[in-house]
Each structure stands twice: as structure tokens, then as C-alpha cells.
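Working notes for the structure below.
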Amino acid sequence: MADPKGFLNHGREVAKSRPVDVRLKDWNEVYVPGSLLPIISKQASRCMDCGIPFCHNGCPLGNLIPEWNDFAYREDWSAASERLHATNNFPEFTGRLCPAPCESACVLGINQPPVTIKNVEVSIIDKAWETGDVAPQAPERLSGKTVAVIGSGPAGLAAAQQLTRAGHTVAVYERADRIGGLLRYGIPEFKMEKRHINRRIEQMRAEGTRFRTGIEIGRDLKATDLKKRYDAIVIAAGATTARDLPVPGRELKGIYQAMEYLPLANKVQEGDFVAPPITAEGKHVIVIGGGDTGADCVGTAHRQGAASVTQLEIMPRPNDERNPVSQPWPTFPMLYKVTSAHEEGGERIYSVSTTHFEGDEDGNVQWLHLTEVEFIEGRLTPKPGTERKIPAQLVTLAMGFTGTDRENGLVDQFGLELDERGNIARDADFQTNVPGVYVAGDAGRGQSLIVWAIAEGRSAARGVDRFLTGGSELHAPIRPTDRSLMV
Ligand SMILES: Cc1cc2nc3c(=O)[nH]c(=O)nc-3n(C[C@H](O)[C@H](O)[C@H](O)COP(=O)(O)OP(=O)(O)OC[C@H]3O[C@@H](n4cnc5c(N)ncnc54)[C@H](O)[C@@H]3O)c2cc1C
Ligand code: SF4
């Protein structure tokens, strides 16, 4: 146990953010660099090393949280990093981006603010990179088996790293021009600087993983041809089909899917453009959808100099506090969140639905018409007399994703079965209906989180390893049906 009195002597203290007016002038991460390390040992000391650590269950990776809290408290960073990597390939991603369901399940959280688990995690891994503790782990011998991974998001990268380390020869195929999936082109630089992905890819290359960008399986290379070339395949192609808003005026210029808008801002940071081809500069921006993707559009629009930013959400405003009846501890509650993007300004309007868009004579969107809605007999119903219009010169749709891409032929060429939710169906080993073809991440689970994608990638890798060799030593934290603590 860290410090038996830690939780009595120290309150919860989180990472400090840079002032809003300073951070809006750049795209760097919002936190003050180096501000965590001086406080993190005390924060880790608040961990009570509970007999039953519910945080293990809260974390889909089963991260060994009390163990690395103890090492962080003692400032034994090397041991902490070893324990952290025992279950998580990429703690620098989760330590920055995870909504931390572990903290919702922390026992201290029953009657006190929970341990800052996510901040401890990111401090351990940042220190490990700084001190050179994150070395490549090339396999001692090769199995002679080959694996193709389709998609280079967190699920594909985790599966590829696990399988490479198990001795298989792994190639990752990615249709985009750079590796990383949504980590690269969805999540903005101010939430995670892309240098964190780049150095992991260098580590993976040094371990032997090969990367092939600019190749879309199904279009550029037939799935059936890929299958002939490799002993096993992991599909980690994400759930990239975006939900649309089929209301009158949707065809007007200036209305985009979030994933048409966000990647362009990321590409400016990569040096591909001087200015983004779609920009919020000087415009009244409306973001439709109240989730993470919407918040990323809000933060991006602020940095591009929007005249105003309004985020619309059809559901009612969530509660500030956990409802002990419907969302009791240790489940992950749906609470009102103030993300870093929301701290930076803009307005949020809840319980509204868009009825139509109105444009000017050149076909550019100018107004969004909405109505308030309320639940009547379990259905969201427009409230008569609440219709109004708000200025809208750039609209981004951030209403979620409906499943994996069906257009490129990947699903049909492999002959894959889908489940009732439209995701690629798999068995308990993450194998699809086609022997030797596995699926991990959003492609099989549906739109989810980075921590689940890594957990799926690790678990699918174990399935593949067993398929290729008859057994496996690889850590598999979850089964496909796991929905632990409702995240
Ligand atoms: C804007 C945005 C912000 C988000 N923010 C967060 C957050 O803060 N925290 C969090 O936990 N989660 C967040 N998420 C969710 C999270 O990013 C995803 O759950 C996660 O990335 C899924 O990982 P994946 O590897 O399954 O798929 P993806 O990351 O979607 O990667 C799939 C990859 O496969 C490639 N691909 C697809 N088809 C093919 C093909 N046929 N051939 C070759 N390549 C192909 C795609 O180009 C893509 O690179 C966010 C999502 C979005 C959209
Ligand atoms: S990966 Fe997420 S849930 Fe797991 S320990 Fe880290 S912050 Fe918590």
C-alpha cells in the first residue's frame, strides 16, 4: 500500500491547464507542461490498495492501478512503467484521452473525490519516455507466421504490437496517408500532440512491425488477395460511417460531417496545408451533437477564430452529480462534462432538434432552424411554439457513427457476417465467421473508446496467436461481449 494515511492527508489535485487566452493562440496540449510531476507522488499516495480494487473492473484493460500507484508514490518510475505496460500498450494515449471509468469505480470515490488515476498513468509514461525506459521489445525468435492488420487506430496498433512481440511477422495496412486512425485525424492536437503517436510507431518499427499507408483493403487490394498472402488477418477498420441529418437544406454549402472538418485542422498541424480548406474563421459555427466529437469541433472552431460557437444536443442536460439509484457507484455515470473546449467559451443548448437549414442565394448555409423537444411517453417530441432560428455559417455534424465502412467492399469480399447492430460479428476469440479473420475495436464493438480499442486489440491478438500456434501467453483483458460498468 502507498501511504496508509495518504487519502486522509491529501485532497484530490488534478493537472493544471494553461490560461484560456494563452492556449487558444496555439494548438499545443492544454495542460501546463511539467505541472503534474511535483504533485503526483502525493496524489498516488491517496490510493487505499483496497482488498477488492474496483478500479480494475472499471478499466477495460484491467490496469493494475494500486500496484503502479504504489510505485509512483515511492517514485520508482521504472517499476511503475513496467506494471503499467503489463496491461496497456499505449498509456500515453489513454492517460491523455480516456474518460477514466476507473475513477468512477474508485472506492475512495464513494465518499471523497477519487484518486487521480488517469493523471498518475500519464505521469508514469511521460517519465518513462523521458528516462529512456520505453525501449523496443523485439521478439527473440520468429514464428514464421504472417499477419495482416487492416487499420492503424488504437485497436490495430495494439494487436500489431502484441503479435509482433509474440514473434509473428506483422504488416499494418492503412488507407490514410499516416498511421494512427482517429488518434491521428479525429482527435485534435490540443487534446493529444501527434508526437506521441510518432514515437510509438518508431518503437513498433524497431520491434519489426511493418506499416503500409495509402492502401485501402477492398479498393486498392482485394480482401481475398490479402487473405492468400497472410496466415491470419485482424480487421481493425473502425466504425467510420457517420450518422447524417436528413432535413431540408442539408445539401447547402457549409454543412459538413465532423470527420470532414476535424482532419483538415490536424493536417495543418502536420504541415500539409498552410490554412485549413474548411475554416471557422469569422463564422457563426453550430456543432450538432453533444459528445466528444462535438467538443473537439468546438475547440477547433475557437482556435480558428470563430465569431461564435454553439453546440446543440437533442437530449436533456445531464446531471452534475451521480444519481445513486439509476447510476450507482461503481458504474460510469453520464454526467454534465465541462471539457477543456467548453472552458474556452461557446454556448451549449440542450433538448433541441434541428428542423431545417436556410441558405442564401449562392447556396451557402446561413440559418439553422430548431425546435425544443421533450420526452412524452418515452419519445422525444417537439414542443409547439418553440421554433426559432440561429445564425449558422459553418455547421458540423457530430452525431455518432453507425458502423464500419461498407462502401469499399472489405465486408463483402471477405464474406463477413454482421451482428444485429451492423458491426462485424465475432466469436469469443474475436474470430469472424471466416476462419483466420479476426476483428477488433470499433469495427466489431461499434463506436466506442480508445481504452476499449486497445483492450480489443490485445484480446484479438491472443485469439490470432492461438489460431497460429495452438496456444498463447498473450494477455487478453476482455471478451467481445464485455461492457463492464456500462462504458
Ligand atoms: C473526433 C473524435 C474524438 C474522439 N475522442 C475520444 C477521446 O477523447 N477519448 C476516447 O477514448 N475516445 C475518443 N474517440 C473514440 C476513439 O477515437 C475510437 O473509439 C477509437 O479510435 C477506435 O479505434 P479503432 O482502432 O477501432 O478505429 P479507428 O481509430 O477508427 O481506426 C480505424 C482505421 O482503419 C482505417 N481503415 C478503415 N478501413 C480500411 C481499409 N479498408 N483499409 C485500410 N485501412 C482502413 C481507417 O482509415 C482508420 O485509420 C473519439 C472519436 C472521434 C471521432
Ligand atoms: S486506461 Fe482509462 S480506465 Fe484504464 S486506468 Fe487508464 S484512465 Fe483509467
> In whole Å, what are the Cα extents of the stretch 354-406 along the three principal axes, biggest one first?
Replying inline: 42, 40, 12
> With +1 on each Lys and Arg Cβ and -1 on each Asp and Glu Cβ, how big is the dipole of the stretch 244-399 about its Cα centre, in debye rounded to the nearest 20?
Replying inline: 260 debye
> If one computes the Cα centroid of the stretch 424-449 and of the stretch 251-306, what distance in Å separates the two points?
Replying inline: 31 Å
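Based on DSSP H assignment, which helices of the chain show an axial Cα extent of at least 24 Å together with a mean Kyte-Doolittle hydropathy greater than or equal to -1.0?
450-469
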> What is the order of Cys297, Cys50, fewest Cβ neighbours within 10 Å to most?
Replying inline: Cys50, Cys297
>> Can you find, among Trp367, Pro276, Gly378, the residue sitting farthest towards the positive end of the charge dipole of the stretch 244-399, where Lys and Arg contribute +1 and Asp and Glu -1 at Cβ?
In response: Gly378
> Karplus couplings for the stretch 145-152 from phi (6.51 cos²θ - 1.76 cosθ + 1.60, θ = phi - 60°), rounded to Hz, Gly and Pro as x?
Replying inline: 9, 10, 9, 9, 10, 9, x, 10
>> Could you tell me the calculated FRET efficiency between Asn364 and Lys25, based on Cβ-Cβ distance and R0 = 41 angstrom, to the nearest 0.05?
In response: 0.90
>> For the chain, take every pair of Cα atoms, bin their distances at 10 Å starting from 0, and report each bin as a whole percent.
In response: 4, 19, 28, 27, 17, 5, 0, 0
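Could you quote the convex hull projected area for the stretch 284-347, Cα atoms only and averaged over all directions, in nm²?
The number I arrive at for the stretch 284-347 is 4.6 nm².
Based on the mean of other Cβ atoms within 10 Å per residue, sort peptides 418-424, 163-169 so the most packed one is first.
Taking the mean over residues of other Cβ atoms within 10 Å, the ranking is 163-169, 418-424.
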> Going by how many other Cβ atoms sit within 10 Å of their own, how do His56, His10 line up, fewest first?
Replying inline: His10, His56
>> Net charge around Glu29, counting only other residues with Cβ within less than 9 Å of its Cβ (Lys, Arg = +1; Asp, Glu = -1)?
In response: +2
> How much space per residue, in cubic angstrom, does the convex hull of the C-alpha atoms of the stretch 373-487 take up?
Replying inline: 169 Å³
> Which Cα, out of Val20, Val107, Gly403, lies furthest along the positive dipole direction of the chain (beta carbon charges, K/R +1, D/E -1)?
Replying inline: Val107
> What per residue convex hull volume, in Å³, do the alpha-carbon atoms of the stretch 244-399 yield?
Replying inline: 133 Å³
> For the chain, what is the charge dipole size about the Cα centre, in debye to the nearest 20, if Lys and Arg each add +1 at the Cβ and Asp and Glu each add -1 at the Cβ?
Replying inline: 640 debye
>> What distance in nm separates the two pseudo spin-label positions at Thr224 and Met334, each 7 Å out from Cα along the beta-carbon direction?
In response: 4.4 nm
>> What does the net charge come to around Asn433 if you take all other residues with beta carbon closer than 14 Å to its beta carbon, with K and R at +1 and D and E at -1?
In response: -3
> So how strong a dipole does the stretch 414-487 carry about its Cα centre when Lys and Arg Cβ are +1 and Asp and Glu Cβ are -1, to the nearest 20 debye?
Replying inline: 140 debye
>> Quick check: net charge around Ala158, other residues with Cβ under 9 Å of its Cβ, Lys/Arg +1 and Asp/Glu -1?
In response: 0
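Please compute the alpha carbon radius of gyration of the stretch 6-131, then divide it by the globular-protein estimate 2.2 N^0.38 Å. Two decimals is fine.
Values: Rg = 14.2 Å, N = 126, 2.2 N^0.38 = 13.8 Å.
Against the empirical 2.2 N^0.38 Å value, I get 1.02 for the stretch 6-131.
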> Where does the chain land at 222 nm, in deg cm²/dmol rounded to the nearest 500, when only DSSP H runs of n ≥ 4 count, each adding -39500 (n - 2.57), divided by all residues?
Replying inline: -9000 deg cm²/dmol
> Using the 10 angstrom Cβ neighbour count as an exposure proxy, how do His356, His369 rank, fewest first?
Replying inline: His356, His369
>> Once you place label points 7 Å from the Cα toward the Cβ at Arg379 and Gln112, how far apart are they in nm?
In response: 5.0 nm
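Laboratory data are not the source of any read-out in this text; all were calculated from the coordinates shown. Only a predicted model underlies this, so the values are computations on that prediction, with no experimental measurement involved. Positions of Cβ are generated from backbone atoms using ideal geometry, with glycine treated the same way; all protein chains shown enter the neighbour counts.
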